[in-house]
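What follows is calculated from the coordinates using simple rules that are stated; it is not laboratory data. These figures come from a predicted structure and were not determined experimentally. Neighbour counts run over all protein chains shown; Cβ positions are idealised from the backbone, glycine included.
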Amino acid sequence: MPNVSKFQAVSEGLCPKCRQGKIFSTPLYSPLGFGKMNEYCPHCGMRFEVEPGYFIGAMYVSYAFSGGLALILGFALFYLANNPPGWVYSLIISIAVILISAINFRLSRVIWLHYVAGIQYNPAL
């Protein structure tokens, strides 16, 4: 198997240890199962949820994504829409956060596994 970069592994949702097995068992566009994770890596057998509540920390990553999006949209509305009323800010930012929620959920967990968990890549697997 060719060597997969860390960026490619994160963007494709691959295991941080072997960079071959998929972390999520369903596709992103699955209406009800977008967040269904494999318990173990299908390739190397690594358990993704190391302990109960392990992904609570991924909520901080998710919060950073949502807050960053809200900040960018807020500045864009202020400068491009000539400071509309408050309800416009609330409506547009709320809709945007809801629209990216599935991507945000998945990406925050993948980033948590790859960058925060301390799992080392083993190319021999």
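Points worth noting:
- Among the conditions (1) of a type outside the set (S, T, N, Q); (2) more than 27 Å from Lys22 (Cα to Cα); (3) in a loop (DSSP other than H, G, I, E, B), the only one that Leu125 does not satisfy is (2).
- Considering region 3-19, the residues that are touching a strand residue (DSSP E or B) at 6+ places or on another chain (Cβ under 9 Å) and on the phi < 0 side of the Ramachandran plot include one that is surrounded by the most Cβ atoms within 10 Å (Cβ to Cβ), namely Cys15.
- Test for Glu12: is it within 28 Å of Ala124 (Cβ to Cβ) and under 17 Å from the mean Cα position of the chain (by Cα): yes
- Residues (hydrophobic (A, V, I, L, M, F, W, C) and either surrounded by 11 or more Cβ atoms within 10 Å (Cβ to Cβ) or in contact with a helix residue (DSSP H, G or I) (Cβ under 6 Å, 6 or more places away or on another chain) (or both)) located in region 64-85: Ala64, Phe65, Leu69, Ala70, Leu71, Ile72, Leu73, Ala76, Leu77, Phe78, Ala81
- Matching option when the condition is touching a Ser or Thr at 6+ places or on another chain (Cβ under 6 Å), surrounded by 12 or more Cβ atoms within 10 Å (Cβ to Cβ) and under 29 Å from Asn3 (Cβ atoms), among Val116, Val97, Val110, Val61: Val61
- Scanning region 20-49 for residues that are more than 29 Å from Leu99 (Cβ to Cβ) and surrounded by 13 or more Cβ atoms within 10 Å (Cβ to Cβ) yields Gln20, Tyr40, Cys41, Pro42, His43, Cys44, Met46.
- Val50 being among the aliphatic types (A, V, I, L, M), touching a helix residue (DSSP H, G or I) at 6+ places or on another chain (Cβ under 6 Å) and under 13 Å from Leu113 (Cα atoms): no
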